[in-house]
Each structure stands twice: as C-alpha cells, then as structure tokens.
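The block underneath contains the structure these notes are about, expressed in structure tokens.
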Amino acid sequence: MRWWDIEPVLELEHELFPDDAWSAAMFWSELAHARGPQATRRYVVAEDGSGRLVGYAGLAAAGDLADVQTIAAARDQWGTGLGARLLTDLLRAATAFECAEVLLEVRVDNARAQKLYERFGFEPIGFRRGYYQPGNVDALVMRLTDPAQARTESSESNG
C-alpha cells in the first residue's frame, strides 16, 4: 500500500465497516512505519483486472509478535480466495519479521472471517468486550503460533 491507495482504501473501508471504519490519519500513521530498514508494518492492496482496488490488509510487528491490523475484501470478491491470498501475504511478512506468533481481533459476529482464520490455523484465545466502537461489539482474539508453518492458501492448494 502506498499513499495514493489511501483514498480508495477508505472508500472500501467505509463500505465494509461503516460503524467503525479507520480514518485516513490511521492509515497514514501505519504507512509511516511500513518503509525503510526499520519498517515494522506490512500493508498491501489487491486490484482487479481493471485496476479497481478490491482488497487490502495490514500487519504490525513488535519483537517476536505480529498483529493483523486489518484485512478486507470487497463484497463482490467474497468467495474468490482474495482474503486467503491477503492473509497469506501477511503471514509471509510475519515470518520475514521473524515473529513467532500472530494475533488478531475479529468481530464475534463475523463468522466468515473467523472461518478463514481457522483454516490458517488460528485458534481462539479470548475476548475483548466492547472492542469495536461505537457499536460496542465484542472481539474474538485469535492466535497463530509459528506463522512460517501456517496452512496458507498456497500450501493448501499444493497439498
């Protein structure tokens, strides 16, 4: 993801997460940590054949722990494997950052995303009550140990 991707990312963000969408400032802040030798973030976008932005994802690393900050796919891309490809990229980045574990929060009412994460080997470890505001929706916290050995989209298709 680059600065010129922020506007189309925000459009998709507001479409998919109208109640708790990230702001432009949040994306700018994350991108500030995504370049150079001291980078601690990985942000990617996906485009369709016409160049339309159809997905994005981000990961933050600190020490040996990574956190999936965001992952989203346009509704017309659901079921195409785009979410799995984005997550695969993030897990490869976690491995490159030498992270031993990856954490994430997912809305308790987002069964589609939870199933994706479970396919990759993430396991539920707890809840964060009222995490998503202003709707006061709980988050399920999930953890993946050893992202280098994760059941990624590419390894599933090969085995």
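The values are calculated or read from the model by the stated rules, or taken from the named source; none is laboratory data. If you're wondering where the values come from, they're calculated on a predicted model, not measured in any experiment. Backbone-built Cβ (ideal geometry, glycine too); neighbour counts: all protein chains shown. The area values use the complete protein model at the heavy-atom level, side chains included, leaving out ligands, DNA and RNA. Shrake-Rupley method; radii C 1.70, N 1.55, O 1.52, S 1.80 Å.
For every helix of n ≥ 4 consecutive DSSP H residues, a contribution of -39,500 (n - 2.57) applies; sum these over the chain, divide by its total residues, and give [θ] at 222 nm rounded to the nearest 500 deg cm²/dmol.
-9000 deg cm²/dmol
Based on C-alpha coordinates, I'd like the Rg and Dmax of segment 51-135, in Å.
Here Rg and the maximum Cα pair distance are 13.3, 39 Å.
Could you tally the net charge around ALA96, taking each other residue with its Cβ under 11 Å from the Cβ of ALA96, Lys/Arg +1 and Asp/Glu -1?
That sum, taken over residues with Cβ under 11 Å, equals 0.
If you build a Gaussian network model of the chain, linking Cα atoms that sit under 10 Å apart, which residue out of VAL106, VAL45, VAL137 swings the most?
Of VAL106, VAL45, VAL137, the most mobile in the Gaussian network model is VAL137.
Take ARG42, ARG92, ARG107 and sort them by solvent-accessible surface of the protein heavy atoms, 1.4 Å probe, largest at the top.
ARG92, ARG42, ARG107
What do you get for chymotrypsin sites (Phe, Trp or Tyr not before Pro) in segment 53-158 restricted to DSSP loop and a cutoff of at most 13 other Cβ within 10 Å of the site's Cβ?
Qualifying residues, ordered by number: TRP78.
Given a 1.4 Å probe and every protein chain left where it sits, what share in percent of the accessible area of the chain is carbon and sulfur?
49
Just the number, please: Stokes-Einstein D of the chain in µm²/s, Kirkwood Rh from C-alpha pairs, 25 °C, 0.890 mPa s.
Here the translational diffusion coefficient equals 153 µm²/s.
Over the Cα atoms of segment 81-123, how large are the radius of gyration and the largest Cα-Cα distance (Dmax), in Å?
Every Cα atom of segment 81-123 included, Rg and Dmax give 10.8, 31 Å.
Using a 10 angstrom cutoff on alpha carbons, build the Gaussian network for the chain and name the most mobile of GLU101, GLU15, GLU30.
Residue with maximal mean-square fluctuation among GLU101, GLU15, GLU30: GLU15.
Let a ≥ b ≥ c be the square roots of the eigenvalues of the Cα gyration tensor of segment 13-95; is it rounded (a/c under 1.5), or, if not, prolate (a/b larger than b/c) or oblate?
Prolate, since a/c reaches 1.5 and a/b exceeds b/c.
Rounded to the nearest 0.05, what FRET efficiency do SER29 and PHE127 give with R0 = 30 Å and r taken as the Cβ-Cβ distance? Could you check?
Computed FRET efficiency for SER29 and PHE127 comes out at 0.70.
Heavy-atom accessible area per residue, segment 28-145, 1.4 Å probe: how many Å²?
Heavy-atom accessible area per residue stands at 51 Å².
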